[in-house]
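No value in this document is a laboratory result; all are computed from the given coordinates. Note that the structure is predicted; figures quoted are calculated from it, not measured. Cβ placement follows ideal geometry from the backbone for every residue including glycine, while neighbour counts extend to all protein chains displayed.
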Amino acid sequence: MEKNPNPLKDQHFMVDKDMLEKIYDVSNIIEGESIVEVGGGAGALTDYLVQGNNSITVIEKDSYYANLLKQKYNDIPNVNVIDGDALNFDFSGYDRIIANLPYTITEPFLMNLAMSGVLAGEKDGSNLKKMTLVLSQNSVRKMTAPIQITEGTSKHFNQEFGIISAICKSFLDIKIETPIPSEAFFPEPAVTSFLVTFTPKKQLTTVDRIMKEFLCDKKLSMPHIGRIYHMMLNQGKIYKLSKHKNNVNVLLNASFTSKNILNKNIYELSNSQISQLVQDLIRNDINNKSKSSSNRRREEFDIQDYFTKGKFSYEQAIEDYELIEEENRPIIKSEEKIKIKYNYFYDDFYYNLLLCRGWENYSEEDFQKKLVR
């Protein structure tokens, strides 16, 4: 090369062969899939990707390296090199995304994928099966950040829980593969790096489905949260209202959070507002389902029918009804239900691990031992 990578442009090329092989191996590429690599650089990782019978698209913003890649793979018909910006690229239709991602574009890169629906999963028309990314420790920590911090008996919003956290927890299952030492790059970055794989969730909770609607915005119309939520309710995308006849007024109440959140698009919210939005959605879901369950039990117990057919006194029927209510009353409190169903929003295990420094000095084997709870 006549030109060295420029760290001022966030260019830190992977040069360690063992790590390049690791990236290729954990990507689990299947023959015939379409692959897109972000930031091809001089082609160190691309050399591994072209081994199989796959369609490979490489995006490189630096024109010098883009031309270098075009010359290098000129005779390989299944490789297409694009001289352009990954933030303006359409990733829909690709099976796998692999990248030694420039760290400064991590957040806008994931936002673009969420808005365009690429992370939405196969049920919603996305082809994406997996992402394999090299990321900074700070970015991975934000991706795994819990929605609140517990200090003794005190609980408060986690200021690091923001849009990147909401996207990852709502759309993706995350696996932290291994830390990457700085000497694996040229030039060496000043931060610790991690190899992380992401797969679209196959099972979505109610809050995941709502957040997906908030975050997907293919037309770039930037609709307000309150409008999206109310439309989802009316269309039966959240609750099947026919099953909750006595609770329709509660379920159709779109004012589940503060007005200054409802009247904004999700990408306009601050970290604390995103944290509040998700927690309000969780509480709203738990409360609505608890009320609906109680109403269904009442509907199933017809006092007049019980009195007529059972030949008991009306007073006895009332006593039995109250007994049924007591026996069927949920034993688990709302706070405990939240922890069970929405634990992934509150789990701080990986976040706390990533608050520590020095992970680049750990072997992959030792790091995996630390990941065991």
**Message:** If I stretch the segment between R357 and R209 completely, what's the gain in nm (0.36 nm per residue apart, minus their alpha carbon distance), one decimal?
**Reply:** 49.8 nm
**Request:** Can you put V134, V50 in order of Cβ neighbours within 10 angstrom, beginning with the fewest?
**Result:** V50, V134
**Item:** Average Cα contact separation per residue, the stretch 175-221, under 8 Å, 6 or more apart, as relative contact order %
**Value:** 32 percent
**Item:** Order of F349, F89 under a 10 Å beta carbon neighbour criterion, fewest first
**Value:** F349, F89
**Request:** For N74 and E151, compute 0.36 nm times the residue count separating them, minus their Cα-Cα distance, and round to one decimal in nm.
**Result:** 21.9 nm
**Message:** Classify the stretch 115-235 from the C-alpha gyration tensor, please: rounded if a/c falls under 1.5, else prolate or oblate depending on whether a/b exceeds b/c.
**Reply:** oblate
**Fill in**
Whole-Å distance linking the alpha carbon centroid of the stretch 99-140 with that of the stretch 1-61 is 16 Å
**Of K123/K212; K123/K237; K129/K219; K22/K369, pairs whose Cα-Cα distance is over 21 Å** = K129/K219
**Fill in**
Least to most buried among M231, M14, by other C-beta atoms within 10 Å and fewest first, runs M231, M14
